[in-house]
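Have a look at the structure below before the remarks.
Computed from the coordinates by the stated procedures, all read-outs in this text should not be read as laboratory data. The structure displayed is predicted, hence computed values, not measured ones. All Cβ positions, even for glycine, are placed from backbone atoms using ideal geometry, and neighbour counts span all protein chains on display.
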Amino acid sequence: MYLEIVEANKPKRGRKRTADSITKRLAAIQKELTTADAIVKLRLTQERMNLTAELATKQLGSDFTKLENQFVKIAAEYSQRNGITYSAWQEMGVQPNVLKRAGINREEL
């Protein structure tokens, strides 16, 4: 679950979206859907699904902290057992400070 949230919230180019801006865009999508043709409806539907998932992860708050703490407890052992490198974790979106807390160093593996 932690990795899914991290991956969904990887930093993207441009301004970071807030919960408020996501909510506003979701409302705009609802209006656009009423008059859109089939292809545009398909694109808007996917955008709505993506934004809904992003909003849900933003609203996790302390739950995310709990998941991160659980990740920190098991990540080093899991990495060692499965040959997962620092770089692989980072590519998945795990922040360097979290990897450090977990005891996963750049030099290992």
Just grab the label-to-label distance for R48 and Y78, each label 7 Å out from Cα along the Cβ direction, in nm (one decimal).
3.4
To the nearest 20 debye, the chain has a Cα-centred charge dipole, built from +1 on Lys and Arg Cβ and -1 on Asp and Glu Cβ, of 440
If you stretched the chain out fully between T34 and T65, how much longer would it get, using 0.36 nm times the residue separation minus the C-alpha to C-alpha distance?
7.3 nm
Quick calc, K100 & T23: beta-carbon distance into FRET formula, R0 25 Å, rounding 0.05, result 0.15
Where does the chain land at 222 nm, in deg cm²/dmol rounded to the nearest 500, when only DSSP H runs of n ≥ 4 count, each adding -39500 (n - 2.57), divided by all residues?
-22500 deg cm²/dmol
